[in-house]
Each structure stands twice: as structure tokens, then as C-alpha cells.
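What follows is one structure encoded as C-alpha cells, with my remarks underneath.
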Amino acid sequence: NKMGRKKKNKHEESIPPFCYYCDRIFDSESDLIVHQKSKHFRCPECHKKMNSAQGVATHCYQVHKFSVISVPGAKPGRDEVEIEIFGMAGGPEGLFP
């Protein structure tokens with residue numbers, strides 16, 4: 001019975017989970033999400049972990065009254081706060097580590 005199973009295409013399976021912001025490769029997407037929350041989605045002021053870079057920017061503006069203009073720990077050119085990345089979702093098509 002194959003009901004409920006989502007078929008992955010071969011292209012998806014060949015790409016290991018990797019961080020859009022720093023190109024680090026992970027064994028699983030859940031490990032990648034833990035990494036993103038602790039390295040890239042953490043408030044630089046109070047160290048609270050968020051679910052997105054936009055979440056960090058909103059939190060910092062509302063709570064600490066300053067603007068976050070780039071994602072902490074991200075490579076140059078990949079530090080845009082406006083791009084919504086979560087795990088492997090949200091990154092530009094065809095991007096590989």
C-alpha cells in the first residue's frame with residue numbers, strides 16, 4: 001500500500017540538505033533546521049531563536065528597536081533578510097553547495 005507516500009524525484013534525492021546561508025551540508029533536513037535556528041535565525045541581542053531571518057528582523061525591530069539588515073553568519077550575497085528560507089525550502093532553484 002503506497003497511499004500517503006510522496007515520491008521524490010531523482011533530482012531531489014541527489015542533493016543533500018545544505019544551508020543556503022553558509023553552504024554547510026547536513027545528514028538530514030531536521031539537522032539543517034536546528035543549525036539555521038542556532039546560527040542564522042538567532043537574535044544578536046538576546047540570543048532568542050526564531051524560525052526565519054524575517055522573524056529575527058521583526059523581533060529586533062519591535063523588542064530591541066534596531067534594524068537587522070543582514071542574516072547573521074551568512075556568506076556575502078546570501079545574507080538578505082527578505083528571502084524566506086526554512087530548511088531546504090525557499091532557496092533559489094538550481095542552487096547547490
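For the chain, what % of the accessible area comes from carbon and sulfur atoms, probe 1.4 Å?
Solvent-exposed carbon and sulfur of the chain make up 52 percent of the total.
How many nm separate the modelled label positions at Ile83 and Phe96, each set 7 Å beyond the Cα in the direction of the Cβ?
So the label points at Ile83 and Phe96 sit 1.7 nm apart.
Once the whole set of protein chains is in place, how much accessible area is left on Arg42, using a 1.4 Å probe, in Å² to the nearest 10?
Arg42 has an accessible surface of roughly 80 Å² with all protein chains in place.
Quick one: which residues, 5+ away or cross-chain, put their amide H under 5 Å from the amide H of Arg42? H built at 1.01 Å from N.
Counting only residues 5 or more places away or on other chains, the set is Met50.
Hey, what's the Cα Rg ratio for the chain versus the globular rule of thumb, 2.2 N^0.38 Å?
Details: Rg = 15.1 Å, N = 97, 2.2 N^0.38 = 12.5 Å.
The chain yields a ratio of 1.21.
Provide the FRET efficiency to the nearest 0.05 for the Tyr61-Asp27 pair, computing r from the beta carbons and using R0 = 30 Å.
Once rounded, the FRET efficiency stands at 0.30.
The values are calculated or read from the model by the stated rules, or taken from the named source; none is laboratory data. Given the structure is predicted, the values throughout are model-derived calculations rather than measurements. Positions of Cβ are generated from backbone atoms using ideal geometry, with glycine treated the same way; all protein chains shown enter the neighbour counts. What goes into the accessible areas is simple: the full protein's heavy atoms, side chains included, and nothing from ligands, DNA or RNA. Shrake-Rupley method; radii C 1.70, N 1.55, O 1.52, S 1.80 Å.
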